[in-house]
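Some notes on the structure that comes next.
The values are calculated or read from the model by the stated rules, or taken from the named source; none is laboratory data. Just so we're clear, the structure is a prediction, and the values are computed from it rather than from any experiment. Reconstructed Cβ throughout: ideal geometry from the backbone, glycine too, with neighbour counts over all protein chains shown. Only protein heavy atoms, including side chains, enter the accessible area calculation; ligands, DNA and RNA are left aside. Shrake-Rupley method; radii C 1.70, N 1.55, O 1.52, S 1.80 Å.
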Amino acid sequence: MDEMRTKESRRPANVTKHCGFWDVPTEEFAAWLTARREPPMRARQLRRWIIAGRAESFDQMTDLPRNLRRALAEEFEPLSTRIAHHSQSPDETHKLLLRLADAQSIECVLIQENKRRTACISTQVGCGMGCVFCASGLNGIARNLTSGEILEHLIRLRNLLAADQRLTHIVVMGMGEPLASLDALLTALEIAGSKDGLDIGARHVTISTVGLPAKIRRLADLGKQYHLAVSLHAPNDELRTRIVPTNDKTGLKEILSAADYFFERTGRQVTYEYVLLQGINDSPENAKELGQLLRGRRAHVNLIPFNDVSGLPYQAPTSAALTSFVDQLHTAGVSVKVRKRKGSTIDAACGQLRRRIESENQPPKLHSLEAV
Ligand code: SF4
C-alpha cells in the first residue's frame with residue numbers, strides 16, 4: 001500500500017500546504033515523522049484512523065500525542081476534500097459534490113440496492129471526451145484527479161453508511177475518462193482493494209471507458225479481475241463519431257478488438273453501455289446493427305435511457321422504442337438489460353449537480369454576449 005502511494009500520488013500543482021494525507025508521498029511523510037522523532041508506525045496508525053476509524057480530523061485520533069496531532073493539523077488534512085453539497089433521493093441514492101483543495105469540484109454517488117452498496121466515482125475534473133449527451137464534458141477538462149482524491153470519494157461515500165455497513169462495489173463511471181487517468185485510478189483501487197483498506201476486491205470494480213484501445217490492453221495485461229464496461233452508444237463509426245467525437249481517432253474496430261483482448265486475458269465478459277437518445281440511435285435498424293456487431297462475442301449490453309440534462313436537446317426513447325430495441329438484441333442472441341434509473345430526483349446524471357451548483361454560485365453577469 002505504501003509503495004503504491006509513493007509511486008503514483010501527486011498533489012495538484014497549486015496545492016502545497018494542508019495537503020491531503022493520501023497524496024503525501026510515503027518517503028516524504030516518513031521523513032516528516034523522523035524530523036519530529038516520531039516512529040514510522042504513526043503512518044499506519046493514521047491510515048487506520050481514517051479508513052477503519054472514519055476519522056475526519058486529527059483531533060479524533062486520540063491515541064496520537066497531542067503535539068503530533070497539532071503538528072499534523074498545521075500541515076496536512078486527513079481528507080483534503082470538503083462536502084460542498086449532499087443530496088439524497090427517496091430511493092436512498094446519495095450524491096455528493098466534493099470541493100477539492102484547489103476549489104475545483106467533482107461528483108460521486110452512493111447507490112444502495114438490496115445488500116449492495118455501490119460507489120460511483122470520478123477520475124477527472126470535467127472530461128475531455130465531449131460525448132454530446134453528457135453534462136460532465138460540456139466545459140471540457142480541468143485536470144486529472146490525484147489517487148488520493150479518487151480514494152477520498154470512496155471514503156466520503158463510505159462514511160455516509162452506518163458503522164456496521166461497508167461499500168461492496170465500485171463503478172468508475174462518474175466524471176472523466178477513467179483510462180485517461182489510469183495510474184492514479186489503479187493506485188486508489190489498490191488501496192481500496194487491500195485488506196487494511198476498504199477491502200473491495202477487483203471483481204467488484206467496474207471501469208468504464210469510451211474506448212482507449214492501448215489503455216484497455218494495458219488494463220487487460222495487469223492480471224486483475226476488474227470488470228470492463230465500454231461505452232459504445234452507436235453500432236457504426238459514422239453515428240458513433242457524431243455522439244462520441246473521439247471515435248474518429250479510434251474507430252469501433254480497434255475498440256472492439258481491444259475489448260476482445262481484455263476478455264481473452266481476463267476471462268471477464270465485457271459490458272457495452274449504450275445510452276439511448278430518442279430519434280438518434282434508438283431505431284430498430286440501430287438495434288439490428290448492434291446485434292450484428294456483438295454477435296459471437298461474450299458481451300452484455302446495458303441500455304441506458306437518456307437521463308434529461310438541462311441545456312441539452314436530447315430525450316429518452318419512447319417505451320415502444322425501448323422495448324423494440326431490447327427485442328432486436330434478444331433476437332440476435334445478445335444478453336441485454338435496461339439500467340434502472342436511480343436517484344432521478346437529485347441530478348444523478350453525471351456532471352449535472354456540478355453544473356447546477358456552479359451556475360448558482362456564478363456572480364451575476366453584467367453583460368449578455370449579445371450586448372458586448
Ligand atoms: S460520458 Fe463519460 S467519457 Fe463521455 S464526456 Fe461524459 S464523462 Fe466523459
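A few points about this structure:
- Percent antiparallel among DSSP beta bridges (both partners in the chain, rounded to 5): 45 percent
- Carbon + sulfur, % of accessible area of the stretch 113-229 - ligands and nucleic acids excluded, 1.4 Å: 50 percent
- Here the chain yields Rg over Rh of 1.00, to two decimals, using C-alpha coordinates and the Kirkwood radius.
- Each label was represented as a point 7 Å from its Cα along the Cα-to-Cβ direction; for residue 261 and residue 278 these points are 4.1 nm apart.
- Where the chain is the region considered: accessible area per residue in Å², 1.4 Å probe: 46 Å²
- Segment residue 88-residue 315, length gained on full extension (0.36 nm per residue, minus Cα span): 79.3 nm
- Ligands, DNA and RNA aside, residue 196 has an accessible area near 90 Å² when probed at 1.4 Å.
- Square roots of five times the Cα gyration tensor eigenvalues for the stretch 123-200, Å: 25, 14, 9
- Accessible-area order (highest first, 1.4 angstrom probe) of the listed residues 79, 312: 312, 79
- Cα convex hull volume per residue for the stretch 77-150 (Å³): 118 Å³
- Rounded to the nearest 20, the Cβ-based charge dipole of the chain about its Cα centre (Lys and Arg +1, Asp and Glu -1) stands at 740 debye.
- Sum of -39500 (n - 2.57) over DSSP H runs of 4+, divided by residues of the chain (222 nm, nearest 500): -10500 deg cm²/dmol
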